[in-house]
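Notes follow the structure.
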């Protein structure tokens, strides 16, 4: 079946540090990949997505590249800010699977950025 | 557009009671999803609707759970005879229903259920 594995947190960084959150997946078909973010007290928000191999999703300085050969979709940001403190979820959607368009999420990675 | 709305935001109930949650999706969104999220975990898929038709149900959706979307607009999720293990955040999401990979789900803030 489909699954998503992401690095465990919490991750604590100083402001302006480089961020990488690792995400790998297993899928039976050709999934789309997503990063969602959950800020404290708020609902899940889509951060970025990629729909096919070698696509790069980007938003708010965050980037992730769909790597089919390594089944990965690592999230990166060159310089984090305190306002980036949140929980980040990697997810996939595989319309060819039994669960159709449902999102399959990783466990989430908590990020804390300190001044 | 105010986004996906869920009510109530919090629900505290005693074991064995029935509870019902409501989700109002973004207007004109054809698909509506329910997920459950427990502490320290990612959301887990429960079920989804294409308009008023319930097309998929997860194994997590036991017989005590039922969901409806009678007119293809709002949806309700009912849990009968609640158990302590039902305590979780219940999330609703909606999407336009575009074919293929471009379909983006927008989430509500969730209903937090506590079963005492």
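The values are calculated or read from the model by the stated rules, or taken from the named source; none is laboratory data. All figures in this text were calculated on a predicted structure; none of them were measured in a lab. Backbone-built Cβ (ideal geometry, glycine too); neighbour counts: all protein chains shown.
The criterion of being outside any loop (DSSP other than H, G, I, E, B) and surrounded by fewer than 17 Cβ atoms within 10 Å (Cβ to Cβ) does not hold for residue A:111.
Matching residues to (1) surrounded by 16 or more Cβ atoms within 10 Å (Cβ to Cβ); (2) assigned to a loop (DSSP other than H, G, I, E, B); (3) at negative phi:
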residue	(1), (2), (3)
A:17	no, yes, yes
A:36	yes, no, yes
A:48	yes, no, yes
A:76	no, no, yes
A:87	yes, no, yes
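Residue B:87 falls short of the stated requirement of being surrounded by fewer than 21 Cβ atoms within 10 Å (Cβ to Cβ), farther than 24 Å from residue A:34 by Cβ and out of contact with any strand residue (DSSP E or B) (no Cβ under 7 Å at 6 or more places or on another chain). Among the residues making up the range A:19-34, those that are closer than 24 Å to residue A:96 by Cβ and either at pLDDT 95 or above or in a strand (DSSP E or B) (or both) are A:23, A:24, A:25, A:26, A:32, A:33, A:34. Looking only at the range B:59-111, how many residues end up being on the phi > 0 side of the Ramachandran plot and in contact with a helix residue (DSSP H, G or I) (Cβ under 7 Å, 6 or more places away or on another chain)? The number of residues fulfilling the criteria is 0.
Just one of the listed residues (A:14, A:97, A:85, A:110) is out of contact with any helix residue (DSSP H, G or I) (no Cβ under 9 Å at 6 or more places or on another chain), modelled with pLDDT of 95 or more, within 11 Å of chain B (Cβ to nearest Cβ) and farther than 17 Å from residue B:91 by Cβ, namely A:110. I'd like the residue in the range B:54-67 that is part of a strand (DSSP E or B) and in contact (Cβ under 8 Å) with a residue 12 or more places away in the chain and, out of all such residues, is surrounded by the fewest Cβ atoms within 10 Å (Cβ to Cβ). Here the answer is B:66.
Within the range B:90-106, does at least one residue satisfy the condition of being more than 29 Å from residue A:57 (Cβ to Cβ) and part of a strand (DSSP E or B)? No: zero hits. Among (1) within 9 Å of chain B (Cβ to nearest Cβ); (2) touching a strand residue (DSSP E or B) at 6+ places or on another chain (Cβ under 6 Å); (3) farther than 21 Å from residue B:42 by Cα, which single condition is residue A:105 missing? Unmet condition: (3). Taking each residue of the range B:103-115 that is more than 7 Å from chain A (Cβ to nearest Cβ) and looking for partners that are buried (at least 22 other Cβ atoms within 10 Å of the Cβ) and part of a loop (DSSP other than H, G, I, E, B) with beta-carbon atoms closer than 9 Å, six or more apart or interchain, yields B:106/B:4; B:106/B:25.
Among the residues of the range B:57-82, the ones that are within 14 Å of chain A (Cβ to nearest Cβ) and under 19 Å from residue B:4 (Cβ atoms) come to 1 in all.
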